[in-house]
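Q: Take a look at this one; I'll ask things after.
The values are calculated or read from the model by the stated rules, or taken from the named source; none is laboratory data. The model shown is predicted, which means the values in this text are computed figures rather than measured ones. Methodologically, a virtual Cβ is constructed for each residue, glycine included, from the backbone with ideal geometry; neighbour enumeration extends over all protein chains shown.
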């Protein structure tokens with residue numbers, strides 16, 4: 001299984017002080033040396049962490065493929081058409097969200113925008129992927145537009161796992177909707193895993209390559225690694241969080257061991 005290391009949170013730390021340190025580019029060669037197969041970054045419309053300057057330099061200097069996540073924003077799509085990352089993953093985006101909260105919406109207006117953006121990038125030989133909820137409907141919509149990849153949103157699985165097996169429920173960040181008895185959480189976790197398995201199988205049957213990501217960490221990633229047809233994981237926040245205490249090299253190496 002391939003590992004894409006998302007380095008957004010290095011830029012989050014930089015932007016907290018609005019200086020030039022730490023530089024996300026410095027992380028690229030370290031991640032690759034420790035076994036990362038891909039570098040993933042998210043260029044948001046408001047440029048809250050990764051910016052255009054980062055994207056240009058990372059694409060130019062990375063020795064492994066670069067996957068840029070973005071919304072269907074005409075200016076960003078035009079920029080990426082010029083910079084030519086290996087892959088563009090379209091994700092939903094809301095200005096007020098802390099992190100991406102779910103998969104793409106395929107209503108009529110968004111479908112048309114996704115279709116146009118996908119074909120624009122494919123004409124420039126850039127792979128395209130959709131970040132989707134693990135549902136058959138999302139798989140079929142993705143296939144209809146003609147992307148090469150889908151990335152299954154594992155956020156629901158990660159939240160349930162955290163409420164079941166960590167101390168999250170005792171912290172200020174407890175998830176109110178999941179503050180239920182453990183027996184119910186165990187059933188919810190099984191269903192979440194089953195949904196991801198079913199979606200991965202469905203995507204493979206449609207000829208799509210399958211990635212997964214969101215909320216994956218050193219405790220919960222093993223179950224996702226067992227799922228047939230998932231070829232790649234994109235993981236960021238948990239790696240950067242661990243690196244605060246163990247160093248970035250060790251944090252990447254530890255995750256590579258789990259994923260491989």
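Q: Looking only at segment 128-139, filter to residues that are touching a helix residue (DSSP H, G or I) at 6+ places or on another chain (Cβ under 8 Å) and not in a loop (DSSP other than H, G, I, E, B); which one of those is farthest from residue 107 (Cα to Cα)?
A: Here the residue is 128.
Q: Given the conditions (1) within 21 Å of residue 238 (Cα to Cα); (2) touching a strand residue (DSSP E or B) at 6+ places or on another chain (Cβ under 7 Å), which single one is not true for residue 55?
A: Failed condition: (1).
Q: Just for segment 140-149: of the residues that are touching a helix residue (DSSP H, G or I) at 6+ places or on another chain (Cβ under 7 Å) and in a loop (DSSP other than H, G, I, E, B), which one is modelled with the highest pLDDT?
A: Across segment 140-149, the extreme among qualifying residues is 147.
Q: Any idea which of (1) more than 22 Å from residue 75 (Cα to Cα); (2) touching a strand residue (DSSP E or B) at 6+ places or on another chain (Cβ under 7 Å); (3) modelled with pLDDT of 95 or more is the one residue 102 doesn't satisfy?
A: The one condition residue 102 does not meet is (3).
Q: Tally time: how many residues in segment 224-249 are touching a residue at least 60 places away in the same chain (Cβ under 8 Å) and either in a helix (DSSP H, G or I) or buried (at least 21 other Cβ atoms within 10 Å of the Cβ) (or both)?
A: Selection size over segment 224-249: 14.
Q: So residue 221 clears everything in (1) more than 13 Å from the chain's Cα centre (by Cα); (2) closer than 23 Å to residue 26 by Cβ; (3) in contact (Cβ under 8 Å) with a residue 12 or more places away in the chain except one condition, right? Which one?
A: The number of the failed condition is (2).
Let's see how each residue does on (1) buried (at least 16 other Cβ atoms within 10 Å of the Cβ); (2) touching a strand residue (DSSP E or B) at 6+ places or on another chain (Cβ under 8 Å); (3) touching a residue at least 12 places away in the same chain (Cβ under 8 Å):
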{"residue": "66", "(1), (2), (3)": "yes, yes, yes"}
{"residue": "91", "(1), (2), (3)": "yes, yes, yes"}
{"residue": "128", "(1), (2), (3)": "yes, yes, yes"}
{"residue": "133", "(1), (2), (3)": "yes, yes, yes"}
{"residue": "137", "(1), (2), (3)": "no, no, yes"}
{"residue": "143", "(1), (2), (3)": "yes, no, yes"}
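Q: Being buried (at least 17 other Cβ atoms within 10 Å of the Cβ) and over 16 Å from the mean Cα position of the chain (by Cα) is the filter here, so list the residues in segment 36-54 that pass it.
A: As a first pass, look at segment 36-54 and keep what is buried (at least 17 other Cβ atoms within 10 Å of the Cβ): 36-44, 49-50, 54.
If the condition is that a residue be buried (at least 17 other Cβ atoms within 10 Å of the Cβ) and over 16 Å from the mean Cα position of the chain (by Cα), then 54 is the only one that fits.
For (1) touching a residue at least 60 places away in the same chain (Cβ under 8 Å); (2) touching a strand residue (DSSP E or B) at 6+ places or on another chain (Cβ under 6 Å); (3) within 30 Å of residue 196 (Cα to Cα), each residue gets a yes or a no:
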site: 19; (1), (2), (3): no, no, no
site: 25; (1), (2), (3): no, no, no
site: 30; (1), (2), (3): yes, no, no
site: 88; (1), (2), (3): no, yes, yes
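Q: Looking for whichever is modelled with pLDDT of 95 or more, touching a helix residue (DSSP H, G or I) at 6+ places or on another chain (Cβ under 6 Å) and surrounded by fewer than 19 Cβ atoms within 10 Å (Cβ to Cβ) here; the options are 178, 189, 152. Which one fits?
A: 178
Q: Then there is this: Considering segment 123-136 alone, what residues qualify as being more than 16 Å from the chain's Cα centre (by Cα) and at pLDDT 95 or above?
A: 123, 124, 125, 126, 135
Q: Which residues, taken from segment 200-222, are assigned to a helix (DSSP H, G or I) and either exposed (fewer than 15 other Cβ atoms within 10 Å of the Cβ) or out of contact with any helix residue (DSSP H, G or I) (no Cβ under 6 Å at 6 or more places or on another chain) (or both)?
A: So in segment 200-222, the residues assigned to a helix (DSSP H, G or I) come out as 200-205, 221-222.
Within segment 200-222, 200, 201, 204, 205, 222 qualify.
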